[in-house]
Amino acid sequence: MDADGISFGFRDVGGLRLHVAEAGPPDGPLVILLHGFPEFWFGWRAQIPALAAAGFRVIAPDQRGYSLSDKPAGASAYRLDLLARDVFGLADAYGRTTFSLVGHDWGAAVAWWAATLQPERVGRLAILNAPHPALWRRAMLEDPVQRAKSRYVQLLRLPWLPELMLWAGGYRGLSQALEGAARPEAFGAAELAHYHDAWRRPGALTGALNWYRALFLQPLPVPAPGSLVTPTLVLWGDRDAYAEPRLAEESAALCANASVRHFPDATHWLAHDEPAAVSEALTAFLSA
């Protein structure tokens, strides 16, 4: 257990072994935190202790393909249906029928999709800087501004070349993406060293990139307005280089009960730019 009361272990989920960070009382309401690209559980390091102190049982996995978790071969193993199934399996491993989900980036896409597929299991949903994946995919295809912001997606979906470029550059491209945070201290040398360790794990680059390669491998119908019943909070850093702020409201419009809070000076890396404000917002929303 580390100084913040976080312990670590592995859970078997549907034939995969996922590495998890855990904190908080074992009998507290379960909250699962889902990281995005190119992070791992460590991306929630500011929020885990805060939520645990509020009485939640907090679980932050390295999602499939990342860091110490299993990395199944092939892009088809990273379809959203399977990623959402990991979340339900993880809750099952803790003996929980219902739970709340918090997600950022790709983790938010999984959280949106899990709440779309099995809303009866997701008590509350909190989203950081990610539209509903069906809206995201549609915007990439139809909206010129979002298409321009998503050019990197097409690059990352190429076979083998992204791995070669990122590895040959000493992971500099990934580091530079993180260093775009509004707070320069958010990703200092010590923090980046943890990320480099995670990226160096055998198969980790390919596992992470396969999330992008799987993006168009399954249908993603856009839900009808107001059809998603899970109470939802959308937090959005408006200086996001990868997604248009209007997608926050468009995603919230799919929900029967949703609120949106914008952070005008924060970037895509909202949890790092505004760690205290995000922790406070999540605690209040999940406790309501």
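When P162 is tested against (1) at pLDDT below 95; (2) in contact with a Leu (Cβ under 6 Å, 6 or more places away or on another chain), only condition (1) is not met. Counting only helices (runs of 4 or more DSSP H) that sit completely within the stretch 104-214, those holding 1 or more residues that are of a type in the set (F, W, Y) and touching a Lys or Arg at 6+ places or on another chain (Cβ under 6 Å) correspond to 204-213. When the stretch 11-59 is limited to residues that are within 20 Å of the chain's Cα centre (by Cα) and without any contact (Cβ under 8 Å) to a residue 40 or more places away in the chain, the one that is farthest from Y171 (Cα to Cα) turns out to be R57.
Could you say which residue among F42, F37, F10 is in a loop (DSSP other than H, G, I, E, B), at pLDDT 95 or above and not basic (K, R)?
Working: F42 fails: in a loop (DSSP other than H, G, I, E, B); F10 fails: in a loop (DSSP other than H, G, I, E, B).
Result: F37 is the single residue among F42, F37, F10 that is in a loop (DSSP other than H, G, I, E, B), at pLDDT 95 or above and not basic (K, R).
Within the stretch 113-131, the residues that satisfy the criterion of being out of contact with any strand residue (DSSP E or B) (no Cβ under 8 Å at 6 or more places or on another chain) and of a type outside the set (D, E) are W113, L117, Q118, P131.
Listed conditions (1) free of Cβ contacts under 8 Å to residues at least 40 places away in the same chain; (2) not in a loop (DSSP other than H, G, I, E, B) are all met by G226, apart from (2). Contact annotation: residue pairs with Cβ atoms under 9 Å, 6 or more positions apart or on different chains, pairing a residue in the stretch 259-288 that is surrounded by 13 or more Cβ atoms within 10 Å (Cβ to Cβ) with a partner that is part of a loop (DSSP other than H, G, I, E, B) and of a type in the set (V, I, T), are D273/T267.
Selection of the stretch 241-255 for residues being in a loop (DSSP other than H, G, I, E, B) and either more than 15 Å from the chain's Cα centre (by Cα) or surrounded by 24 or more Cβ atoms within 10 Å (Cβ to Cβ) (or both) yields A241, E244, P245, A253, L254.
The values are calculated or read from the model by the stated rules, or taken from the named source; none is laboratory data. The shown structure was predicted, so the numbers you read here are calculated from the model rather than taken from an experiment. Cβ sites come from the backbone with ideal geometry, for glycine too, and all protein chains shown count toward neighbours.
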